Structures are given as C-alpha cells and as structure tokens.
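Everything on this sheet refers to the single structure shown next.
The values are calculated or read from the model by the stated rules, or taken from the named source; none is laboratory data. Not measured: the values here are computed from a predicted model. FYI the Cβ positions are ideal-geometry reconstructions off the backbone, even for glycines, and counts take in every protein chain you see. Just so you know, the surface numbers come from the protein's heavy atoms only, side chains and all, with ligands and any DNA or RNA stripped out. Shrake-Rupley method; radii C 1.70, N 1.55, O 1.52, S 1.80 Å.
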Amino acid sequence: CFNALVETLVALMPQILSLSRMAVESTIAGRASGGSSTGLVVLRYLLTSTCLRPRIATPTLVDALAQNLVLTERLTRDEQQDVRQLVVLATEQLTQNSVTLIACAERVVGQLLPNALGLLQAQDASTRFLGLKMAGDILAVLLNDSETYRSAQEVPAEGSTGRASARSAGLSGHINRLIQQFLSVVSRLLEDEDPIPSYALRTLSAVLEANAGFVAIVASNAQLLPLLLERLDPDHAHNNQHLLNIAKQLVEKHTDLEQLFRLGIVPKINKLLSRMRSSSQTDPRGMEEFFAPVLDMLFGLLFTTWEISQHCAPDSAAAVPSDGLTAGERMRLRAVYVQECEGFLQNVGTCLVWLAHEDSGWRSARRTVCI
C-alpha cells in the first residue's frame, strides 16, 4: 500500500508543482484564497520525507523551486508572509539534501544557485539572509564533490571519461562565475544585520578552502580585506572559526604579506594569543577552536620571514627564489618582515608553556618555537 501511495504521489508531482506556482502568482496578484497554498503545503511535506525526497527530486522540481524562490522577493506584504514562508521552507529542504543537489547539479547551478544569489540584492534583511543561507548550503555541498567541482589546480582523476571531465569542467566554470558574484557583495554582507555576516564568513571560508585561487581576489579587494582583518580582533562579535580559517588562507596562500602587516595582523594575532592563554588557564575549552588556525598563522608569518632572510644573507647558499624581486627589494622586505615579527617576541613564553601539552592541537606551537 505504501509503495502504491508513493507511486501515486510521484505521478501527481506535475499537478502539485503547478498548484505551487499558481499559489505564488495568485498571492502576488492579490487573488489568493484560503486554500490556494495547498500545493505548497503538500510540496513542503513531501520534501521533508527522507523516503519520498529521492523519488520526487528531479530537474523539473529544482526548476520549479528556483522559479518560486525568485518570486518571493515580491511577497512583501504582511498577508503574503505565510505563502512566502512555505516557499522558503520547501526550498530549504532541498538545499540541505546533498544527494539531491549533486544528482541535479546542472539545474542547481543553472537555476537554483543563481536565484538564491539574486536574493542578496533584496530590500529586506530576511530575504537577503534566506538567499545567503541557501547559496552557502549549496556551495558547501557542490564544492566538496569531486565529480561536480574541480579547482583550476586539479586534474581529472585517472580513468575518468572525457564526457565526465567535460561535465565537471563546465560546472566548475559556472560555479566559479557565481562565486565571483558572491565575492562582489561580501563586503556589504559583512556589514549587514545579524546573522548575515556570520553566514557570509562561513560561505567565504568554504570557497577559499575549496579553491585557493580565490585568495588573490579577496586579497586584492581594497574594501573586503580591511574588513576581514578588522574582525580578527578577539573582542569583535564576528570573530569566529570561519574568519580564522579565512585569515589562515590569506597568510598561507597570499604572497604580499606586507599588505597584511600594514593592516595590523601582528597586533591582532598577539591579542588572540594572549586571550587564548588566559582562556586556557580558566576555561581550557573556551577558545579551543582558535588554537590551530591562530598558531598556523603565526607559523606562516614567521616561516616566510625566516625564508626571505635566508635569501638575503650575504653568505647564503640558498637558491634565489623565482619571485621576480631584485636583491634590494628583497632586503627591504626582509627589514619590514623582521621588524613586524619582532612583535611576536612577547608571546614566546606563551608558546613555550603550550609545549607541555601533548594534545595534537599544539603541534603548531612546537613549529613556532623551532623557528
């Protein structure tokens, strides 16, 4: 009986989707009746079922949800909010299901993700948050699926077919263009109403983790980079693990550390180190998630300073790096790097204290002291 019911529901999906679209359009036009949202209610409950969702998740469904989603921006009056909420809940159920997103990746990338990003331009904050959350959920899934997304540095796996590689390349290129669209508004999102900034940082962290090629774009954004470094202060409301992962990527992948020094990254890291030490004495797990990224940032800055110093030494036998810098420019950078990193001397004692810990999370402290 249950299988028969499932087959019946699957067969009725075209009518359910049609009713859903009619509900949204009639609400926008002000013609909504008491039962006009029935299609949306049924669709929402179908998508919440782990049993039914795989059966009804088709490219047609993704298209229908994407079209309804973009119409929600026009549902602004108080009496329209019930219908708007139903559209939101139905679409969220889809974006939180990784199997469906991957199976329908072409339609998700071609329709649903662009429409979700389009909501970032909405007038009301709740709609902007909706678009950001959905876009972030979609990207988190697609960027971590090797069959859907490959960064520019990656190559197809051995034995993969030409057709599969072409599909992945096409999807990756489209996703990268949509990521650039997201990056163009991140600065504005960071100064938006809560919880939008936190979700913007979460999505940006996922993007940089999946494709280091975007680090240079973030670093070259004269508005975005200062906003990120400003939030690195431990007292800032938006200083979280996502922000620390972003800063770590900037230190490890960005060649112009002088730019980070000018924006005050050393005092920020020192303040974080001091807060981490005091927290470890009173509440050992209070800032546990901060340790690895902060210490890795410290290691990255010190190691780069040591490395450039090796090439500047008069009797150095180290090979001259192919960075295009003259000897004079390299000496200038060395002086800047060393002067800035001297600020870390105040925390050598802190790192030595952490050496007593055997937890694997302290390995960065060991590396720091060695340098």
Exercise. crowded, with 19+ Cβ neighbours inside 10 Å and touching a Ser or Thr at 6+ places or on another chain (Cβ under 7 Å), is that true of V87?
Worked result: yes
Exercise. Which one of the conditions (1) β-branched (V, I, T); (2) closer than 30 Å to A222 by Cα; (3) modelled with pLDDT under 95 does I179 fail to meet, given that it meets all the rest?
Worked result: (3)
Seminar exercise, completed: The residue from V99, V70 that alone is assigned to a helix (DSSP H, G or I), open to solvent by 20 Å² or more (accessible area, probe 1.4 Å), within 23 Å of S126 (Cβ to Cβ) and of a type in the set (V, I, T) is V70
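For every residue, the table says whether it meets (1) without any contact (Cβ under 8 Å) to a residue 24 or more places away in the chain; (2) more than 19 Å from K248 (Cβ to Cβ).
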residue	(1), (2)
R177	yes, yes
V186	no, no
I196	no, yes
L204	no, no
A212	no, no
I217	no, no
L227	no, no
Seminar exercise, completed: Of those in segment 275-320 that are under 20 Å from H238 (Cβ atoms) and open to solvent by 50 Å² or more (accessible area, probe 1.4 Å), the residue modelled with the highest pLDDT is R275
For this session: Select from segment 143-176 the residues that are among the hydrophobic types (A, V, I, L, M, F, W, C) and either within 14 Å of R128 (Cα to Cα) or in a loop (DSSP other than H, G, I, E, B) (or both) and write down the one among them that is modelled with the lowest pLDDT.
Result: V155
Exercise. So which residues in segment 50-67 are in contact (Cβ under 8 Å) with a residue 24 or more places away in the chain, in a loop (DSSP other than H, G, I, E, B) and loosely packed, with under 15 Cβ neighbours inside 10 Å, if there are any at all?
Worked result: C51
Exercise. Of the numbered conditions (1) in contact with a Gly (Cβ under 7 Å, 6 or more places away or on another chain); (2) surrounded by 22 or more Cβ atoms within 10 Å (Cβ to Cβ), L117 satisfies every one except a single condition; which is it?
Worked result: (2)
Exercise. Only one of (1) of a type outside the set (F, W, Y); (2) over 24 Å from V294 (Cβ atoms); (3) modelled with pLDDT of 75 or more is not met by E342, so which one is it?
Worked result: (2)
